[in-house]
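Student: Sending over a structure as structure tokens; questions will come in a sec.
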Amino acid sequence: MSNVRIEESWKIALADLFEQPYFMSVVTCLKQMKTAGKTIYPPGSLIFNAFDTTPFEKVKVVILGQDPYHNPGEAMGLSFSVPKGVRIPPSLKNIYKELNADLGVKVPNHGDLTSWAKQGVFLLNAMLTVEHKQAGSHKNIGWQDFTDAVIQKLSQQREHLVFMLWGNFARKKKDLIDSSKHLILEAAHPSPLAGGAFFGSKHFSQANVYLQQHGMEGINWEIT
């Protein structure tokens, strides 16, 4: 993980977490897998892309995903996001449909959500790595201890954030968040497997109303 890029404010905020045994365990596991010739996504330089693109003090909205995409060229270290030129995954297509219904935002022709991340939308996956073609393969190597602690730090040290928890996995993280000083929005997962239950949640407009009520600029949800 020597080529990892992470923005300075996160390095300071997470300094104690990087010393924890569970983080050391993650590093060891990834090194062993690499030595064994396994293909891991995303590439090392993008594992902490969400942290590198959205500084700690600039976070306004947290969208929690589960683990990275496990096909070549898809994972880019931002939950639900894929690089330009890569086919838009089904869950992201549904996010775009809801965004269009909620705010009239034009459905883009690519799946790169970097423009959200640069505005303060922290696109965090609970697991930051995955093995080629093996969904959920890194769920037990220690990442969740780390990302749970990240969510708790945001909850404790920041105020008036919007946490979007989609699907049962994400909703279980609700206990990590202080609902007296943050807005928690829950919905079904945007996956087609949820049978359209995600539609009508209107999380994007609700987030902007809340941010503006607390003196912050809303997010421009249009993908550029």
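Student: For residue 155, are the conditions met, namely being more than 16 Å from residue 67 (Cβ to Cβ), surrounded by fewer than 21 Cβ atoms within 10 Å (Cβ to Cβ) and in contact with a helix residue (DSSP H, G or I) (Cβ under 7 Å, 6 or more places away or on another chain)?
Tutor: Answer is yes for this residue.
Student: Report yes if residue 102 is open to solvent by less than 60 Å² (accessible area, probe 1.4 Å) and more than 30 Å from residue 23 (Cβ to Cβ), otherwise no.
Tutor: Yes: the conditions hold for residue 102.
Student: (1) buried (at least 20 other Cβ atoms within 10 Å of the Cβ); (2) out of contact with any His (no Cβ under 7 Å at 6 or more places or on another chain); (3) of a type in the set (S, T, N, Q): which one isn't true of residue 140, the others all being true?
Tutor: Checking residue 140 against (1) buried (at least 20 other Cβ atoms within 10 Å of the Cβ); (2) out of contact with any His (no Cβ under 7 Å at 6 or more places or on another chain); (3) of a type in the set (S, T, N, Q), the one that fails is (1).
Student: Looking at the stretch 189-222, which of the residues that are over 24 Å from residue 153 (Cβ atoms) and under 16 Å from the mean Cα position of the chain (by Cα) is most open to solvent (accessible area, probe 1.4 Å)?
Tutor: Step by step, filter the stretch 189-222, then rank; the result is 189.
Student: Between residues in the stretch 93-119 that are part of a helix (DSSP H, G or I) and residues that are surrounded by fewer than 16 Cβ atoms within 10 Å (Cβ to Cβ) and of a type in the set (A, V, I, L, M, F, W, C), which pairs lie under 7 Å by C-beta distance while being six or more apart or on different chains?
Tutor: 96/107; 100/107
Student: I've got another one for you. Would you confirm whether or not the stretch 123-142 contains a residue that is under 18 Å from residue 222 (Cα atoms) and in contact with a helix residue (DSSP H, G or I) (Cβ under 6 Å, 6 or more places away or on another chain)?
Tutor: Scanning the stretch 123-142, I find at least one residue that is under 18 Å from residue 222 (Cα atoms) and in contact with a helix residue (DSSP H, G or I) (Cβ under 6 Å, 6 or more places away or on another chain), so the answer is yes.
Student: I've got another one for you. Please verify whether the stretch 112-120 includes one or more residues that are open to solvent by less than 10 Å² (accessible area, probe 1.4 Å), β-branched (Val, Ile, Thr) and out of contact with any strand residue (DSSP E or B) (no Cβ under 6 Å at 6 or more places or on another chain).
Tutor: No, the stretch 112-120 has no match at all.
Student: Which ones in the stretch 78-88 are touching an Asp or Glu at 6+ places or on another chain (Cβ under 8 Å) and touching a residue at least 40 places away in the same chain (Cβ under 8 Å)?
Tutor: Once the filter is applied, which keeps residues that are touching an Asp or Glu at 6+ places or on another chain (Cβ under 8 Å) and touching a residue at least 40 places away in the same chain (Cβ under 8 Å), the stretch 78-88 yields only 81.
Student: Of everything in the stretch 19-41, what is among the aliphatic types (A, V, I, L, M) and under 16 Å from residue 127 (Cβ atoms)? Give them in sequence order.
Tutor: 26, 27, 30, 33, 40
The values are calculated or read from the model by the stated rules, or taken from the named source; none is laboratory data. These figures come from a predicted structure and were not determined experimentally. Backbone-built Cβ (ideal geometry, glycine too); neighbour counts: all protein chains shown. Keep in mind that these areas ignore ligands, DNA and RNA; they rest on the heavy atoms of the full protein, side chains included. Shrake-Rupley method; radii C 1.70, N 1.55, O 1.52, S 1.80 Å.
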